Amino acid sequence: MSTFPPLELVRFRKKSEEIEFLFQFKIFRKIKVNPGVRTITVCSKYVAIGYNCEVLLHDLRGTDLNKKYNCRENVSLVKFRDDKLLGIGMENGEIELIGVSTFNRIKSIKGHKSSVNALLFSSNFKTLYSCSRDFTIKIWNILEGTCELTLNYHIDNVTSIFLYNGKGENESDYLISSSYDGCVYFYDLSSNTNTNKLELGEPIEDLIIFNDKYLVLAVTNIIKLYTLEKLELVKDIRISTKTIFHLNCFREYIVAASFDMCIYIIDPIYKNMKSIKIVSLFHYGTYLKCASIYGDVLCAADSLFWYVQYYTEGQRQIGNNKQKHTTVCEKVLTMETKTSASVALTSRRDFFFFRADSVKEKIYVYSNKTVNNFVKKFKYHDALMEMIRFNKGSILSYLNYISKHKVFVIACRTYSIEDTVEVLKFLKNNFDINILMFEFLFSFFSANTWIQTTNNEDVLLLLQQLQKVYISEYSIVYEAFPKY
């Protein structure tokens, strides 16, 4: 007789500790953004920022060059080919190529049916690669403005694409793609065939190739490191409790932007394969919307400001000069994972404000007898309420469990006013920017359509408060919210 495996819950505990960073990115300029900032890109000379229906051009000092391009649709992505050509992806699937000198449209490309998520230009500048929320990848001839090939092997939103030249015996060019379907495909551009596939079963936010040896994936709040040669998992890197939405490379480090309002720069193979070190960290005032890095220049935008930051070497000189306000922090974050990978995080006090609660964190894996008994008896809703009442700090691990077992709706379904009020209070006070939280939100309202017609005053009041919070902070408008 098989035994029921206990559900593993994850809890974070925090302690403060101070230490120096290896290096930093000094803020050169901090500029207030227009409402609706969506995307940012930087090249050797310019920074382009995409808002709802317009793109603005700045130089690397953050100076506004008084060049604005008005789009016919909301902008989803901007990407420089070089300092002469800018690609703009839009939510309706159109792609426009803009001459940087005149900031006028050179070519309009149509083919995708939904929002464009990524653009890549070939090294000879003749080919453009794009991926979209319509589940497809397209290869375009830039000169003719035509689609040469459509790749449709993904079955969900294609989140990222990466061009890689194979080393050793096989020197073919590969187009690597990731998707919310949990798969990574390796497409050989020479033979026009899929040569390899990695299946994770979890939504993938972004991917990069690191040091020509490793495939790096952002999977919710975990960075996964695989060998390129055999696609073997090297380690899971946990640096945040929130979703990692952007990956990039800086020298011998990985750059990771998270919805916890931070950008991390990580040495993933610090000293040995079991350890990592976060060599620098940058904390912003509100939730990050986008980030881009080119050479020694890092640009990022949150809902209030966008930043031009420059790489700075050397240690900070600590003298008798005292600042009235602390503008950055020295902190250490150490995390222990299941793979025993240790993380050392350091920061400085020169350029950013770091909240007092951003501290040393440790992951604790444990099991709850009450929750396990409920799950063993398939009482997923009772287990969910137990987590909300007594284990809020571990809720993401339970949400991950019911998501993997496809019982989210079952766990959310209830006809109890008391339970509904508790869930709505939890969503109001404890919501995190995390794909599991969004799945919880939508599943709860989908499973309980009776809420739309309820007359209970407590429920109606909480729904009004939720609507204000979600629209103002997260730009969520959901049909389940009543119309007042």
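The values are calculated or read from the model by the stated rules, or taken from the named source; none is laboratory data. Since the structure is predicted, the reported quantities are computational estimates derived from the model, not experimental observations. Don't worry about glycine lacking a Cβ; one is built from the backbone with ideal geometry, like all the others, and counts go over all protein chains shown.
Among residues of the stretch 121-137 that are on the phi > 0 side of the Ramachandran plot and touching a residue at least 12 places away in the same chain (Cβ under 8 Å), those with a Cβ under 9 angstrom from a residue that is crowded, with 19+ Cβ neighbours inside 10 Å and of a type in the set (Asp, Glu), sequence gap 6+ or separate chain, pair up as 135/181. Scanning the stretch 217-242 for residues that are of a type in the set (Lys, Arg) and in a strand (DSSP E or B) yields 224, 235, 238.
Where in the stretch 243-297 are the strands (runs of 3 or more DSSP E), entirely inside, with at least 1 residues that are over 28 Å from residue 439 (Cβ atoms) and β-branched (Val, Ile, Thr)?
Numbers: elements: 244-250, 253-258, 262-267, 275-283, 288-294.
Ranges flagged: 262-267, 275-283, 288-294.
I'd like to know if the stretch 125-134 contains one or more residues that are among the charged types (D, E, K, R), touching a Leu at 6+ places or on another chain (Cβ under 8 Å) and assigned to a loop (DSSP other than H, G, I, E, B).
Of all residues in the stretch 125-134, those among the charged types (D, E, K, R) come to 126, 133-134.
Still in the running and touching a Leu at 6+ places or on another chain (Cβ under 8 Å): 126.
Right, trim to assigned to a loop (DSSP other than H, G, I, E, B) and you get 126.
Yes, because at least one residue in the stretch 125-134 is among the charged types (D, E, K, R), touching a Leu at 6+ places or on another chain (Cβ under 8 Å) and assigned to a loop (DSSP other than H, G, I, E, B).
For the stretch 124-144, name all the residues that are within 18 Å of residue 41 (Cβ to Cβ) and either at pLDDT below 95 or not hydroxyl-bearing (Ser, Thr, Tyr) (or both). Correct list: 125, 128, 131, 142.
Quick one: is residue 237 buried (at least 22 other Cβ atoms within 10 Å of the Cβ) and either out of contact with any Cys (no Cβ under 6 Å at 6 or more places or on another chain) or without any contact (Cβ under 8 Å) to a residue 12 or more places away in the chain (or both)? Here the answer is yes, as residue 237 does meet what is asked.
Criterion first (acidic (Asp, Glu) and modelled with pLDDT of 95 or more) does residue 206 satisfy it? Explain how you work it out, then say what you get.
Working: acidic (Asp, Glu): yes; modelled with pLDDT of 95 or more: yes.
Criteria met by residue 206.
Across the stretch 174-183, the qualifying residues are those that are part of a strand (DSSP E or B) and touching an Asp or Glu at 6+ places or on another chain (Cβ under 8 Å), and the one among them that is surrounded by the fewest Cβ atoms within 10 Å (Cβ to Cβ) is 183.
Of all residues in the stretch 187-210, those being surrounded by 14 or more Cβ atoms within 10 Å (Cβ to Cβ) and part of a loop (DSSP other than H, G, I, E, B) number 6.
Comparison of 50, 62, 93 shows that the only residue that is over 21 Å from residue 308 (Cβ atoms) and in the same structural domain as residue 138 (by TED's automatic domain parsing) is 93.
Just one residue in the set 89, 111, 93 is part of a loop (DSSP other than H, G, I, E, B) and buried (at least 20 other Cβ atoms within 10 Å of the Cβ); that residue is 93.
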